[in-house]
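The values are calculated or read from the model by the stated rules, or taken from the named source; none is laboratory data. Note that the coordinates shown come from a computational prediction; the quantities given were computed from them, not determined experimentally. Quick reminder, even Gly has a Cβ in these numbers, built from the backbone with ideal geometry, and neighbours come from all protein chains shown.
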Amino acid sequence: MSITAAAIQFTVKQGDVDANLAFVRAALARAAAQGATLAVLPEMWSSGFAYKNLNELALRTEGIVAELLELSAQHKLVIVGSMPEPNGDKVFNTVHVIDNGALAGVYRKIHLFSLLGEDRAFSGGDSWLLTDTSIGKIGVIICYDLRFPELSRRLAVEGAEVICVPAQWPKPRQEHWRALLRARAIENQLFVVACNACGMIGKLDFFGMSMIIDPKGELLAEGGEIEGEIIAPLDMQAMNDWRAQIPCFNDRKPELY
């Protein structure tokens, strides 16, 4: 199976759904033209963390999902990226995994970043997601979830081949971002496709550095600090060969820890 992954990083315009959607439309077309079959977008890419009117902005998400279904069918893409989803007086930070015109799964961010008040505006998800898609088994984590290795390990144990990571991970913690992403790839012997926002969003400065990482922890592609797409092929046979060479999962002793 041939998979080409793209991470589409950009400066999310806080509260401006139409501008963000216009950027994504064009970027998905560019990525597909370069052969991408998987496209990962940043966390909360449609609206940003516009807390003052987040509930109102969340009402746009259903219509955006409908358009993404059409775009994914048109471009033959699996699309992953999080948006606000209505939930009473709060919202979920939700990824819709969209596969060639069909909804393949929904993941709601489990770990909310209390340092920036996410727990006051968002409801936390209560289940992980591993979904079969046309390009293989995809697991999803969102931004702060990256700091909790148990979640990625659960996805790997259940059979994940690729973990997608939409994020808005700000400066100055870029070295944590790089180290944790590589660790998740290495320890779970799978591909990681991580897409971070870039530029100033509200009062926070985002560094981009979206990454596509192979099961050995080697960088297949990395973005800088400006808007743009990074693209790389994912060699599934090489992943299987590496897992056979160093059979970490066969050697686990979960009953002891």
In the range 141-212, which strands (runs of 3 or more DSSP E) lie fully inside it and hold 1 or more residues that are within 14 Å of the chain's Cα centre (by Cα)?
-> 162-167, 191-196
Only one of (1) crowded, with 19+ Cβ neighbours inside 10 Å; (2) assigned to a loop (DSSP other than H, G, I, E, B) is not met by I79, so which one is it?
-> (2)
Give me a count of the residues in the range 226-257 that are surrounded by 11 or more Cβ atoms within 10 Å (Cβ to Cβ), more than 24 Å from A32 (Cβ to Cβ) and of a type in the set (D, E, K, R).
-> 3
Subset of the range 30-56 (residues that are out of contact with any helix residue (DSSP H, G or I) (no Cβ under 6 Å at 6 or more places or on another chain), in a helix (DSSP H, G or I) and within 18 Å of F10 (Cβ to Cβ)) | R30, A31, A33
Exactly one of G159, G223, G199, G228 is out of contact with any Phe, Trp or Tyr (no Cβ under 9 Å at 6 or more places or on another chain) and at positive phi, and that one is G159
Quick one: which residue in G88, G136, G81 is more than 16 Å from the chain's Cα centre (by Cα) and of a type in the set (G, A, S)?
-> G88
Return the only residue of G105, G125, G136, G117 being buried (at least 16 other Cβ atoms within 10 Å of the Cβ), touching a residue at least 40 places away in the same chain (Cβ under 8 Å) and either within 24 Å of H176 (Cα to Cα) or not acidic (D, E) (or both).
-> G136
When the residues of the range 206-257 are filtered to those that are touching a Cys at 6+ places or on another chain (Cβ under 7 Å) and touching a residue at least 40 places away in the same chain (Cβ under 8 Å), which remaining residue is nearest to A183 (Cα to Cα)?
-> S210
Which of the residues that make up the range 1-29 are of a type in the set (G, A, S), out of contact with any Cys (no Cβ under 6 Å at 6 or more places or on another chain) and either within 17 Å of S72 (Cβ to Cβ) or assigned to a helix (DSSP H, G or I) (or both)?
-> A5, A6, A19, A22, A26, A27, A29
For the range 5-23, indicate whether the set of residues that are charged (D, E, K, R) and over 20 Å from N196 (Cβ atoms) is non-empty.
-> yes
Filter result for S72 (within 26 Å of A221 (Cβ to Cβ) and not hydrophobic (A, V, I, L, M, F, W, C)) | yes
Candidates Q168, Q189, Q174 - the one that is of a type in the set (S, T, N, Q), touching a helix residue (DSSP H, G or I) at 6+ places or on another chain (Cβ under 7 Å), under 28 Å from P84 (Cβ atoms) and at pLDDT 95 or above = Q168
Hits in the range 204-255 (condition: over 28 Å from W169 (Cα atoms) and not hydrophobic (A, V, I, L, M, F, W, C)) = Q237, N240, D241, R243, Q245, P247, N250, D251, R252, K253, P254, E255
Could you list all residues from the range 108-140 that are assigned to a loop (DSSP other than H, G, I, E, B) and not small (G, A, S)?
-> K109, I110, H111, L112, F113, D126, W128, L129, I135
Failed condition for Q74, given (1) crowded, with 21+ Cβ neighbours inside 10 Å; (2) closer than 24 Å to D132 by Cβ | (1)
Starting from the range 154-183, keep only residues that are more than 15 Å from Y144 (Cβ to Cβ) and surrounded by fewer than 24 Cβ atoms within 10 Å (Cβ to Cβ), then list their pairs with residues that are polar (S, T, N, Q) and at pLDDT 95 or above whose Cβ atoms are within a distance under 7 Å, requiring at least 6 positions of separation or different chains.
-> A156/N188
